[in-house]
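This report concerns only the one structure given below.
The values are calculated or read from the model by the stated rules, or taken from the named source; none is laboratory data. Computed from a predicted structure; not experimentally measured. Don't worry about glycine lacking a Cβ; one is built from the backbone with ideal geometry, like all the others, and counts go over all protein chains shown.
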Amino acid sequence: MRVFENSTATRRCCGHRFDVGLQTLLLFCLATTASAGNIAVAVKDNGGVPVKDAVVYAMPVSGKPPAARAKAVVAQHDKQFVPYVSAIQVGSPVQFPNLDTVKHHLYSFSPAKKFEVPLYSGTPPYPIVFDKPGVVTLGCNIHDWMIGYILVVPTPWFTVTGADGEARLHDLPAGTYDLEIWQPRLRDPSSRPHQRATADANISFQLDLKPDFRLRRSPADSRDGYR
């Protein structure tokens, strides 16, 4: 009988330890979720003007960022790439739907991703997977003024500034990060401004930019004077 009682007590003890372990694991998960932070970013040029279309991404100082590839879309609308600047993680697929009534001939000669989608309308049947980090410049062989950019980064934590020059990196696990920034008009594109920060920080960047010399659209008898 004594052996049976001891055995029962041991099972109860083991059950108690299991409950404690489960509770500890749940508390750890809740604490990890609660410690996830957001980094607010404000970007201006040397004249103090807010900078739109600046990509900011965060690389953890220690550890490897997780793979969180998600599908992205870069549309061709009103004979422009929309959005003008995109950011994706390495390995992500991108669809290029043509929403115009005319055909486009999409291409990229960038080392990070060279591809071509000949004259087409609608949506190509297969997305294009971007498997290397770097800047990808998009163009159209039919409409020379059409240009767009995709920055492929090795992290799931990235954002693009709006017209107010502001953006926010969401749900970063607690820790220290190296923040880098890229914008198509950087005067020195080989040197990306960077800062070190922790989650829940407020970061500001001042960029040295070149003037915006994008090609104008072809003149035509349309409402805006271009076609």
Original post:
Is there a residue being assigned to a loop (DSSP other than H, G, I, E, B) and at positive phi anywhere in region 170-188?
Top reply: yes
Original post:
Since F109 meets every condition but one in (1) assigned to a strand (DSSP E or B); (2) under 22 Å from F205 (Cα atoms), which condition does it not meet?
Top reply: (2)
**OP:** Just give me the residues in region 198-224 being closer than 30 Å to A36 by Cβ and modelled with pLDDT under 95, in sequence order.
**Re:** T198, A199, D200, A201
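Tell me, please, whether a residue that is exposed (fewer than 14 other Cβ atoms within 10 Å of the Cβ), over 17 Å from P189 (Cβ atoms) and not assigned by TED's automatic domain parsing to the domain that holds S204 can be found in region 87-96. Before the answer, list the steps.
First, the residues of region 87-96 that are exposed (fewer than 14 other Cβ atoms within 10 Å of the Cβ): none.
The answer is no, given that none of the residues of region 87-96 is exposed (fewer than 14 other Cβ atoms within 10 Å of the Cβ), over 17 Å from P189 (Cβ atoms) and not assigned by TED's automatic domain parsing to the domain that holds S204.
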